[in-house]
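The values are calculated or read from the model by the stated rules, or taken from the named source; none is laboratory data. Because the structure is a prediction, the values reported are computed rather than measured. Methodologically, a virtual Cβ is constructed for each residue, glycine included, from the backbone with ideal geometry; neighbour enumeration extends over all protein chains shown.
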Ligand code: AMP
Ligand code: GLY
């Protein structure tokens, strides 16, 4: 089969790599791809939001299956556009992608189907939102309703910071139309866990667990990023937690989709907070996470193409996933300035084949002859596999230490189990030390 992968990040490189191992894949195209993807797929310079060009390309070369793991094209209806032309594509349609495209839609859905999540209220009016805030407990979480490039979540320590957040989102519209509505919700304490789940519109099949590290710097300090590293499995996602999540979250989510006429086909990302009261949903995303996908796919022992075809052909009910009995640790190398304005264009030294236990998935790289240069905020991912987390971490960091570019930075504490709940602890420490200061933590 000929496959077209839409995107050009580390997640898309991992997907191309997983597909390249399938006997049934004859050709992989990536739009636009990146310097690393070039080695295993043909990169075509088409913008993922240009559906017309993507469709024309897919028809032209006879693509059998397209996969779109990116949120913006999914929310904008890439699946509807492809299906309208009779093309097969893996991903949720525009209606189903609303589960990520609108946080108030997702929260109302969870409330209706009794899916555990933080308590919340939705506002469009600034005065009404402020009235709610003055009667709330802190910290408080304020979220712009729509997509905001991962920046639309603000954690507020007190009334003043909440006022500033609401003014920025609702009045000043710093997130544009995505901030027409806000969700204000309770701050949840616990350990986060990312669950990627295959869905075929009728059935939901959770993959193995993962743990992202979202803050830019060690011990969860600094601004929020798309993700600086992931471990899989997540040691906090025990068998008992998994049973509860299945009964209280995954099954009711799919049941709710069906009741609402939401035909969700693709990967549903369920962001969980493992709290003292059990797992609760922080968010749904309509696509696989980045860098969760990189760490999870390296442990997948089933043909990835078969997984996607089972979803597209609505045959997940008897489908079984096999996982390697290993742990993976994915560490992201980022450019100086990321997640703000990254400085790019620097040569990357030390990239090579590191053997079967290590994969380098490129994100922001470009290739000029045989040399790789930095070309984005998150530059590449080192994903190492080991018999346990300790071994995987050791290999990942040993590998990372042998690669370099000007301004490269990466977190040194990915998978450090002593630091699992540091984000919440850091927020509380800041609040306790500096009560009265205006604290807004961008997420
Ligand atoms: P979201 O975009 O909704 O995933 O939020 C981004 C990040 O903000 C999450 O991964 C959490 O780290 C944090 N966050 C969001 N909502 C909450 C909440 N209710 N309580 C605590 N942390 C939260
Ligand atoms: N790593 C988090 C995300 O993909 O949203």
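Below is a table of values for the structure above.
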| item | result |
| --- | --- |
| Candidates 278, 271, 261, 266 - the one that is in contact with a helix residue (DSSP H, G or I) (Cβ under 9 Å, 6 or more places away or on another chain) and within 16 Å of ligand 1 (Cβ to nearest atom) | 278 |
| Sole exception among (1) crowded, with 23+ Cβ neighbours inside 10 Å; (2) within 13 Å of ligand 2 (Cβ to nearest atom) for residue 226, by number | (1) |
| Subset of the stretch 360-380 (residues that are in contact with a helix residue (DSSP H, G or I) (Cβ under 7 Å, 6 or more places away or on another chain) and assigned to a loop (DSSP other than H, G, I, E, B)) | 363 |
| Test: residue in the stretch 291-301 that is out of contact with any strand residue (DSSP E or B) (no Cβ under 6 Å at 6 or more places or on another chain), over 14 Å from residue 18 (Cα atoms) and at pLDDT 95 or above | no |
| Residue in the stretch 202-215 that is in a strand (DSSP E or B), within 23 Å of residue 138 (Cα to Cα), within 12 Å of ligand 1 (Cβ to nearest atom) and modelled with pLDDT under 95 present | yes |
| From 76, 41, 81, 96, residue being over 30 Å from residue 368 (Cβ atoms) and surrounded by 24 or more Cβ atoms within 10 Å (Cβ to Cβ) | 96 |
| Residue that is nearest to residue 111 (Cα to Cα) [pool: residues in the stretch 168-179 that are touching a helix residue (DSSP H, G or I) at 6+ places or on another chain (Cβ under 8 Å) and in a loop (DSSP other than H, G, I, E, B)] | 175 |
| Number of positions in the stretch 54-79 that are part of a helix (DSSP H, G or I) and within 22 Å of the chain's Cα centre (by Cα) | 7 |
| Selection within the stretch 169-190 - closer than 19 Å to residue 224 by Cβ, free of Cβ contacts under 8 Å to residues at least 60 places away in the same chain and touching a strand residue (DSSP E or B) at 6+ places or on another chain (Cβ under 8 Å) | 169, 175, 178, 179 |
| Residue 124 within 23 Å of residue 75 (Cα to Cα) and either within 16 Å of ligand 2 (Cβ to nearest atom) or without any contact (Cβ under 8 Å) to a residue 60 or more places away in the chain (or both) | yes |
| One residue from 310, 334 being closer than 25 Å to residue 198 by Cα and more than 16 Å from ligand 1 (Cβ to nearest atom) | 310 |
| Any chance residue 71 is surrounded by fewer than 23 Cβ atoms within 10 Å (Cβ to Cβ) and touching a residue at least 40 places away in the same chain (Cβ under 8 Å) | yes |
| Among (1) within 14 Å of ligand 2 (Cβ to nearest atom); (2) out of contact with any helix residue (DSSP H, G or I) (no Cβ under 9 Å at 6 or more places or on another chain) - the single one residue 287 does not satisfy | (2) |
| Lone unmet requirement of (1) more than 16 Å from ligand 1 (Cβ to nearest atom); (2) touching a residue at least 60 places away in the same chain (Cβ under 8 Å); (3) touching a strand residue (DSSP E or B) at 6+ places or on another chain (Cβ under 7 Å); (4) in a helix (DSSP H, G or I) for residue 161 | (1) |
| Every residue from the stretch 105-140 that is under 15 Å from residue 181 (Cβ atoms) and either assigned to a loop (DSSP other than H, G, I, E, B) or within 12 Å of ligand 1 (Cβ to nearest atom) (or both) | 106, 107, 120, 124, 125 |
| Residue 143 being within 16 Å of ligand 2 (Cβ to nearest atom), over 29 Å from residue 299 (Cβ atoms), in contact (Cβ under 8 Å) with a residue 40 or more places away in the chain and in a strand (DSSP E or B) | yes |
| Residue match in the stretch 5-24 (condition: more than 16 Å from ligand 2 (Cβ to nearest atom), part of a loop (DSSP other than H, G, I, E, B), in contact (Cβ under 8 Å) with a residue 24 or more places away in the chain and surrounded by 24 or more Cβ atoms within 10 Å (Cβ to Cβ)) | no |
| Residue within the stretch 180-198 that is at negative phi, surrounded by fewer than 21 Cβ atoms within 10 Å (Cβ to Cβ), away from ligand 1 (no atom under 14 Å from the Cβ) and not in a loop (DSSP other than H, G, I, E, B) present | no |
